[in-house]
């Protein structure tokens, strides 16, 4: 039996822990200070709701947020179709909660699988032109679980792929070859240079829409290259699902459903809900349901999120909200470029290039002062000298909202000296 440890601050144990070479704790304050010094520490500003206009509170830490002041225009959300607050989607979520429950209660492989989950998966498979689909708790979980379950020997990954793809590659323990962004020729060179055994499994992974540059992957050329080497293609449609091809993504717009082996996406952006999905053939879905750890060991997606996503997908397929979004995108892009801003990409993501990190931060602050919320994206998220304002319009932004946004950009840009 040992003596009890003294509880006062002068105890020998506490003195030993204070010695640098014997302290096995975590120096969190110094890590935070280092992020602060590099300009990388972020604060969370709670939003009153997820509408096109809302109030924000300063970071309250552990206290309740205080929503004061005027509502601000939000040009920073991935709720592209504005469906998160659509009454039809909200009713579908409420109905699912009443009829099925607020939570799935268990893993889908135990008792957490419901008819509602299966209905959404049938809808997704129909939209994506595949045999089946499988719904995960998030797009992040879908990437980690899918890449690791496929267990490729070599992964060829676009250099600007999302962090969830990067982490999926790491988690899979495969050899990962990073090729130049959106460059099918670079992919071809990388594959040709890699001498592999005949029985190796190769996987090419790319986003379809890249969220920081607003550009798209050359999917047809990627498929061409992969097919020459017998490799599989996996496309993450996180920022494209619901926006193209009858509610599908760029894979559908390009007519590539039969050539892309693994179609992955999220329900939390244009579909205004939560969760992720993988769509593909029968064998793929059965394998993932048995071997994707992020699926097997996670509670099934909450029924309200399932019901909301299913209704949002139905609305997206009708096309009216999609047409409204693209009209908004065109008007905003034209207005920003006519002022002299450089706007990258060709999608609903409008990266307004500023250049220097400090200028981008000041411009974002000036926009916020004028009632427009659009974040500054800076290194290391983007390369040095390409700091930008990432503008993400929504289908629910009105003509007045767009005019106010453009007016704010003109005044703020003049104030900062980037126009």
Helix-derived [θ] at 222 nm for the chain: sum -39500 (n - 2.57) over DSSP H runs of at least 4, divide by residue count, nearest 500?
-12500 deg cm²/dmol
For region 86-318, convex hull of alpha carbons as volume per residue, Å³
104 Å³
State, as an integer percentage, the relative contact order of region 12-126 based on alpha-carbon contacts under 8 Å between residues 6 or more apart.
12 percent
Can you pull the Rg over Rh of region 111-175, Cα-only, Kirkwood?
1.05
Translational diffusion coefficient, Stokes-Einstein: compute it for region 40-97 using the Kirkwood radius over C-alpha pairs as Rh, at 4 °C and 1.567 mPa s, and state it as an integer in µm² s⁻¹.
98 µm²/s
Explain nothing, just the number: relative contact order of the chain, from Cα pairs under 8 Å at least 6 residues apart, as a whole percent.
20 percent
Site residue 324, offset 7 angstrom along Cα→Cβ, radius 17 Å on amide nitrogen, limited to region 28-56, gives 50-54
Over region 202-257, what relative contact order in percent results from Cα pairs under 8 Å that are six or more residues apart?
36 percent
So what's the Cα pair-distance distribution over region 293-381, bin width 10 Å, in %?
13, 28, 25, 25, 8, 0
Once the Cα gyration tensor of region 142-210 is diagonalised, semi-axes √(5λ) in Å:
18, 17, 8
Over every pair of different alpha-carbon atoms in the chain, take the mean of 1/r and invert it; report that Kirkwood radius in Å.
23.4 Å
Value of D in µm² per second that Stokes-Einstein yields for region 339-400, Kirkwood Rh from Cα pairs, at 25 °C (0.890 mPa s):
202 µm²/s
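None of the figures in this text is laboratory data; all of them are computed from the coordinates on show. Small disclaimer: the values here were computed from a predicted structure and weren't measured. Counting neighbours? That spans all protein chains shown, and the Cβs are built from the backbone with ideal geometry, glycine included.
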